[in-house]
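The values are calculated or read from the model by the stated rules, or taken from the named source; none is laboratory data. Model, not experiment: these values are computed from the prediction. A quick note on method: Cβ atoms are made from the backbone with ideal geometry, for glycine too, and the neighbour counts reach across all protein chains shown. When the accessible area is computed, the model is the full protein with side chains, heavy atoms only, and any ligands, DNA or RNA have been set aside. Shrake-Rupley method; radii C 1.70, N 1.55, O 1.52, S 1.80 Å.
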Amino acid sequence: MTMTTRRVLLAAPALLAARPALAFPDRSVRIVSGFPPGGTNDIVARALAAPLATVLGQPVVVENRPGAGGGVGAAAVARAAPDGHTLYLGIVDTQSINPLTYRRLAYDPERDFAPISLVTSVPFAMIAGPARPQVTDMASLIASAKAAPGQLTYASWGVGSTPHLAFLRLAQREGIEMLHVPFGGPPAAVLSMMNGQVDVMMLGAGNAESFARDARIRVIATVAPERLELLPQVPTLKEQGFDMPMGLWQALYAPARTPEPVLARLVAATHEAMRAPSFIEVMRTQGAKPEPTSPAALLALQRGEREAYGAVVRSLSLVLD
């Protein structure tokens, strides 16, 4: 070994130690949505991706990985490298309800994810289609269900999803029987409703308002504390005598074991992106607004929702394989 080679080898550790860590992010970032394009989750993910790309200085792309009530996308992110370049836009279903309803789940919402921030809470709206022209409000929906037990159909984006649980609670409370028809996502369910194959369903208020521009669809109620600016003419469930405080929140997560400096950067960048006028405007069209939180507050929300929905799931004995 020459003296020069020996000096280079001895100096190598010091040179590596002095080399600065690669800044995050150093390439494009993915936001995985566990649902198909066109639904509320996809809309929120894409609205966030554009300003987040500006803040991070790297492209931010949305990848739709639908299936298993959002579980396919969640499992993919849980297995991704914990470097901050793969994120998950989870919802109350994937982070709080699925662990209650699935006997075997391919991910653990707490063990496999690092919370970043709540993004928004989109209120639900209930819509009815051409197959049930007599259904114009909650009273007529209940009357139709009672007149033909088990024949009135309602759609959702999966067994154990928030809309499914909402209708089960309604049926339990009113002593009625309705038929559940699960789909892979809201767009397919609404198309089926427009074609007269499904009677009613519940989905995000923004999607409901958009679909109701087609004369075949009617919005019969909103699930909100008060009437929505987006749908001012539509009475709330509470106004119609049904107090069911259920909503659809979206939140951003990274894989567990993501380094703390990277998480801190993601929290700050996400909050900054949520202040962008473009993001605020899209949230307005969904009947929602930006709701930035700390990671600790998001985790507390997730746990609180799991406890609240746990009582509903247990009362309905709803467990899936």
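With respect to ILE116, determine if the residue is of a type in the set (Val, Ile, Thr), open to solvent by less than 10 Å² (accessible area, probe 1.4 Å) and not in a strand (DSSP E or B). No, not satisfied.
For (1) surrounded by fewer than 16 Cβ atoms within 10 Å (Cβ to Cβ); (2) under 27 Å from THR136 (Cα atoms); (3) touching a His at 6+ places or on another chain (Cβ under 6 Å); (4) among the small types (Gly, Ala, Ser), each residue gets a yes or a no:
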| site | (1), (2), (3), (4) |
| --- | --- |
| GLY206 | no, yes, no, yes |
| ALA212 | no, yes, no, yes |
| ARG275 | yes, no, no, no |
| GLU305 | no, no, no, no |
| ALA311 | yes, no, no, yes |
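Within the stretch 60-92, the set of residues being in a loop (DSSP other than H, G, I, E, B) and either more than 23 Å from ARG257 (Cα to Cα) or within 16 Å of the chain's Cα centre (by Cα) (or both) comprises ARG65, PRO66, GLY67.
Among the conditions (1) in contact with a helix residue (DSSP H, G or I) (Cβ under 8 Å, 6 or more places away or on another chain); (2) at pLDDT 95 or above; (3) under 21 Å from LEU316 (Cα atoms); (4) surrounded by fewer than 21 Cβ atoms within 10 Å (Cβ to Cβ), the only one that THR153 does not satisfy is (1).
Residue pairs whose Cβ atoms lie under 8 Å apart, separated by 6 or more positions or on different chains, with the first residue in the stretch 160-186 and closer than 14 Å to VAL313 by Cα and open to solvent by 50 Å² or more (accessible area, probe 1.4 Å) and the second hydroxyl-bearing (Ser, Thr, Tyr) and part of a helix (DSSP H, G or I), are GLN172/SER315.
Here the helices (runs of 4 or more DSSP H) wholly within the stretch 122-206 that include at least 3 residues being of a type outside the set (Val, Ile, Thr) and closer than 18 Å to MET246 by Cα are 162-174. Within this structure, GLN134 passes the test of being open to solvent by 20 Å² or more (accessible area, probe 1.4 Å), of a type outside the set (A, V, I, L, M, F, W, C) and in contact with a helix residue (DSSP H, G or I) (Cβ under 7 Å, 6 or more places away or on another chain). A search for C-beta distances below 8 Å between a residue of the stretch 232-244 that is in contact (Cβ under 8 Å) with a residue 40 or more places away in the chain and any residue that is among the small types (Gly, Ala, Ser), counting only pairs 6+ apart in sequence or on different chains, returns VAL234/ALA125; VAL234/ALA221; PRO235/ALA221; LEU237/ALA221; GLN240/ALA139; GLN240/ALA221; PHE242/ALA221; MET244/ALA166.
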